[in-house]
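Worksheet for the structure shown next.
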Amino acid sequence: MSKQSSTGWLERASTVNGIVYALWGLCALLIAAEFVYHKHPYFGFDGWFGFYALAGFGAYCVIVFSAKGLRRLLARDEDYYGEDGDA
């Protein structure tokens with residue numbers, strides 16, 4: 001029998017690099033689509049180049065930073081349930 005590697009396929013550097021490159025390629029295709037897609041803006045500013053990409057990135061940042069802030073607010077000490085480990 002051959003020895004199997006202890007890392008899963010998602011933990012291999014080649015797989016992670018492939019996923020990152022695929023995401024970069026997808027982002028490049030979506031930005032390129034901005035040049036050929038005819039928009040029908042409702043407010044005017046939503047017709048700007050890359051508006052939805054920037055709005056999505058901004059929403060992502062708000063979610064991440066608010067989660068970090070909530071973690072500080074809601075986190076408990078390590079010994080919150082007691083140090084002895086008994087139920």
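The overall shape of the chain is oblate: from the C-alpha gyration tensor, with semi-axes ordered a ≥ b ≥ c, the ratio a/c is 1.5 or greater and a/b is no larger than b/c. Helix 51-74 and the long axis of the chain differ in direction by around 20°, with both axes built from C-alpha atoms.
Angle of helix 13-36 to the longest C-alpha principal axis of the chain, folded into 0 to 90 degrees and rounded to 10: 30°. In the chain, helical runs assigned H by DSSP with n ≥ 4 each contribute -39500 (n - 2.57); averaged across all residues and rounded to the nearest 500, the mean residue ellipticity at 222 nm is -19500 deg cm²/dmol. In the neighborhood of F49, defined by Cβ-to-Cβ distances under 12 Å, what is the net charge if each Lys or Arg adds +1 and each Asp or Glu adds -1? The answer is -1.
We did not get these values from a lab; they are worked out from the coordinates using the rules stated. Bear in mind the structure is a predicted one, so any value in this text is a computation, not a measurement. Note that we place each Cβ from the backbone using ideal geometry, even for glycine, and neighbour counts take in every protein chain shown.
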